[in-house]
Each structure stands twice: as C-alpha cells, then as structure tokens.
Amino acid sequence: LPDDQRAWHLAVAADRPDEEIASALERLSSDAASQGAPGTAIQVLRRAVTLTPDPVHRRARARAAGQLALFIGHPETALAITADLPPTVDAVERADTQALVGEAIAQSGRPAEACALLVAEAERIESVDPARASALLTQAAVTTMGCGPVDTVAEMALRARALIPREYALIPEILEAAARAVGGDHDTAREVISRRMDELRAADPSSPEHQVIALAAMCLHWLEDLDGALALMAPAVQTLRDHGAVTPLAFPLVVLVSVHWGRGDFLTAEELAREAEARGEEAIGPFLQGLVLNARAYVASVLGQDEICVAAAHRARALSDRLGIYAQGSVAEHALGLLA
C-alpha cells in the first residue's frame with residue numbers, strides 16, 4: 001500500500017506501543033493538516049499518542065493534537081486530550097500542558113477562568129523558566145484582550161516583558177501598545193510601538209511573526225496612523241498570499257479591511273473582506289471567523305448592503321457570545337448601528 005494507507009493499517013492492527021508506527025502517523029497527521037484536513041490530522045495524531053512508548057514524546061504529541069483541535073474550534077476535544085494525560089512532576093511539561101488547557105478554556109467561552117489559570121501557572125514556573133512564564137502571561141493578556149479590562153491586559157504585558165531580555169520582548173510590547181491604544185492612552189502607545197518599528201518592518205510575514213505585524217498595524221490604525229498601518233500591513237498580506245497561506249492570512253486581511261475602511265476606500269475594503277470570508281470557519285477557527293464576519297458587516301454597513309450586514313453581524317455576535325469575547329459583540333452591534 002502507499003505509505004499513508006500502510007501507516008494507518010499498521011496503527012489499527014497494533015496491540016502495543018510502537019514508536020516506528022507512531023512516527024509514521026505523526027508525519028501522516030502533519031500532511032493532513034497542511035492539506036486542509038485538520039479533523040483527519042487530529043484523529044491520526046490521537047492514535048499516534050496511544051502508540052507512543054516514551055512518555056515525553058507522548059505528551060508532546062498529545063499537546064500537538066490539542067492545538068489542532070483548538071485550531072478548528074473544538075476546545076472540548078483539546079480538554080479531553082489533556083485530561084487523558086497522566087500527571088507529570090516536570091514543571092516545564094506541566095506549564096506547556098496548562099498553556100493548552102488555558103487556551104481551550106478561553107475558547108470554550110470562559111476567558112476570565114482561563115486568564116486566572118494562565119497567570120497562576122506563570123507564577124508557579126517563573127523561578128524555573130522565566131521565558132515560559134513570560135509566554136504564559138502573554139497568552140493570558142491575549143485571552144483578556146477581547147473582554148477587558150484593557151488596563152489588566154497592559155499590566156500583564158508589562159509583567160511578561162520584564163521576565164525576558166528586550167530583544168525577545170517584541171510581542172508583549174506590541175500587546176501593551178495595543179492595550180494602551182484601546183484604553184485611550186495614545187501617547188504611551190505611540191512611545192511603545194515607535195521603539196519597535198524597525199523590527200516590525202524587518203520581520204518575516206511568512207513566519208509566525210505575521211501575527212505581531214498585524215497586531216502592530218491594528219494598533220497604528222487605532223492611533224489613526226492609517227498611512228503607517230497600510231505601509232506595514234499591505235506588503236505582509238501580499239507575502240502571505242504569495243506563500244499560499246490560508247489561516248495566517250485571516251487576521252492580516254481583517255486589519256487591512258479596517259485600514260481601508262478608515263481611509264474611506266470602501267470598495268477595496270469590501271474586496272478584502274470577501275477574500276477573508278471565503279476562507280471559512282473550519283480553515284481559520286471560530287475566533288478569527290468572528291473577526292472576519294465583523295469586518296464584512298462593517299463594510300456592508302457603509303455600502304448599504306442590508307442583508308449581508310445583518311447576517312454577518314448576527315453570526316459574529318453568536319460567536320462572540322459562545323467564546324465570551326464581548327468586544328467582538330460590541331463591534332457587531334456597532335456595525336448594525338451604522339447600517340441603521
């Protein structure tokens with residue numbers, strides 16, 4: 001049989017852990033995920049977990065399966081995967097697992113509970129691994145960004161920044177700038193983001209850095225520096241298109257929609273919103289889908305596209321309620337208010 005079918009048949013037949021089969025399944029899962037079939041990837045990777053003899057590798061594969069589950073908006077699956085893992089005395093392994101659990105709880109619509117768990121885990125591991133503690137605090141800040149208060153987001157970003165050398169603190173600094181901008185402290189936001197502009201311009205949009213580029217561009221948008229936001233975001237979006245990105249392109253497209261909307265170029269904004277919406281929730285997950293739907297509703301409101309605006313806003317509001325991201329619910333209401 002072809003390698004992929006052979007691996008699955010061997011996995012079904014196996015009656016004991018077997019690293020060779022587990023490794024083949026891990027490769028098969030990676031291929032499925034890259035080809036836009038995350039559901040299949042999860043199924044295959046979960047079987048790989050049961051066949052992995054080494055407990056460290058087993059936990060790593062289980063976390064990878066949990067991340068895939070979160071990616072397609074199935075937090076209950078991620079929580080079930082982590083619940084099946086035996087307890088560990090290793091502080092780093094525990095922290096990595098708790099990071100996954102916290103993200104799953106947030107996606108289940110309980111962001112305050114997720115934030116408390118992530119902060120507690122950061123404090124537990126801070127003396128052992130400050131970098132992981134910083135990542136946990138950054139994750140807690142992101143979790144809180146959609147439901148507030150923004151002062152808490154800025155405070156957690158500051159704590160995360162203080163735990164690591166400045167050269168590694170780009171994400172918490174931009175997160176702090178965004179929180180300050182949303183909270184109305186534009187002077188501090190400008191000061192923070194201006195220190196990092198050279199790094200942002202030099203960042204590789206085809207890498208995971210696209211997220212911080214997009215957040216920085218949205219921050220510039222909130223600061224009403226639309227030219228700066230466009231100069232940062234447009235090349236990044238084109239790079240992601242050139243690389244055939246699907247999920248990574250969703251948030252940058254939303255940011256670019258907002259920038260063109262702010263500049264009064266509603267037709268370009270509509271074209272970009274359509275491009276973002278065409279990706280679908282399964283490909284980008286429920287959180288990004290909520291952002292995309294709100295972008296579509298916003299543009300439709302100023303173009304007088306009643307049915308499109310109402311349908312997109314109502315779907316965005318339903319996702320907001322489900323995920324506990326109240327800021328997105330307010331954006332949906334704003335779009336409906338603009339339409340009215």
Some residue of region 48-62 being touching a residue at least 12 places away in the same chain (Cβ under 8 Å), buried (at least 23 other Cβ atoms within 10 Å of the Cβ) and farther than 15 Å from D84 by Cβ:
no
Tally, over region 321-340, of residues that are within 26 Å of A114 (Cα to Cα) and touching a residue at least 40 places away in the same chain (Cβ under 8 Å)
8
If A41 passes every condition in (1) in contact (Cβ under 8 Å) with a residue 60 or more places away in the chain; (2) open to solvent by less than 30 Å² (accessible area, probe 1.4 Å) but one, which one does it miss?
(1)
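Of the residues V182, V237, V192, V254, which is open to solvent by 60 Å² or more (accessible area, probe 1.4 Å) and of a type in the set (A, V, I, L, M, F, W, C)?
Numbers: V237 fails: open to solvent by 60 Å² or more (accessible area, probe 1.4 Å); V192 fails: open to solvent by 60 Å² or more (accessible area, probe 1.4 Å); V254 fails: open to solvent by 60 Å² or more (accessible area, probe 1.4 Å).
Answer to the selection: V182.
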Looking only at region 85-107, count every residue that is within 14 Å of the chain's Cα centre (by Cα) and open to solvent by 40 Å² or more (accessible area, probe 1.4 Å) and tell me the total.
1
Residues located in region 1-53, provided they are under 23 Å from E93 (Cβ atoms), part of a loop (DSSP other than H, G, I, E, B) and in contact with a helix residue (DSSP H, G or I) (Cβ under 7 Å, 6 or more places away or on another chain):
L51, T52, P53
Flag for A122 being open to solvent by less than 30 Å² (accessible area, probe 1.4 Å), in a helix (DSSP H, G or I) and under 24 Å from P75 (Cα atoms):
yes
Pairs needed: first member in region 70-96, at pLDDT 90 or above; second member anywhere, surrounded by fewer than 18 Cβ atoms within 10 Å (Cβ to Cβ) and among the hydrophobic types (A, V, I, L, M, F, W, C); C-beta distance under 8 Å; at least 6 residues apart or different chains.
A91/V128; V92/V128; E93/V56
Set T152, T143: member being within 15 Å of the chain's Cα centre (by Cα) and part of a helix (DSSP H, G or I)
T143
Does at least one position in region 256-274 carry a residue that is touching a residue at least 60 places away in the same chain (Cβ under 8 Å) and not β-branched (V, I, T)?
no
Taking only pairs six or more apart or across chains, which ones have beta-carbon atoms under 8 Å, a first residue in region 135-161 that is farther than 17 Å from A104 by Cβ, and a second residue that is assigned to a loop (DSSP other than H, G, I, E, B) and open to solvent by less than 60 Å² (accessible area, probe 1.4 Å)?
L137/L163; V150/G183; D151/G183; A154/G183; A160/A169; R161/A169
(1) more than 25 Å from R201 (Cβ to Cβ); (2) open to solvent by 40 Å² or more (accessible area, probe 1.4 Å); (3) not basic (K, R) all hold for P286 apart from (2)
Can you work out which of the residues in region 134-167 that are within 21 Å of R124 (Cα to Cα), of a type outside the set (A, V, I, L, M) and touching a Ser or Thr at 6+ places or on another chain (Cβ under 9 Å) is least open to solvent (accessible area, probe 1.4 Å)?
T144
What residue, of T143, T138, is under 20 Å from A318 (Cα atoms) and of a type in the set (V, I, T)?
T143
Restricting region 261-288 to residues that are among the charged types (D, E, K, R), farther than 19 Å from W222 by Cα and in contact with a helix residue (DSSP H, G or I) (Cβ under 7 Å, 6 or more places away or on another chain), the one modelled with the highest pLDDT turns out to be E270
Condition set at pLDDT below 90 and in a helix (DSSP H, G or I), scope region 197-219, selection surrounded by the most Cβ atoms within 10 Å (Cβ to Cβ): answer is H210
Going residue by residue through region 82-95, is there one that turns out to be more than 18 Å from L136 (Cβ to Cβ) and in a helix (DSSP H, G or I)?
yes
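The values are calculated or read from the model by the stated rules, or taken from the named source; none is laboratory data. Here the structure is a predicted model, which is why all the values come from computation and not from measurement. No Cβ is skipped: glycine too gets one built from the backbone with ideal geometry, and neighbour counts run over all protein chains shown. Ligands, DNA and RNA are excluded from the accessible area calculation, which covers all protein heavy atoms including side chains. Shrake-Rupley method; radii C 1.70, N 1.55, O 1.52, S 1.80 Å.
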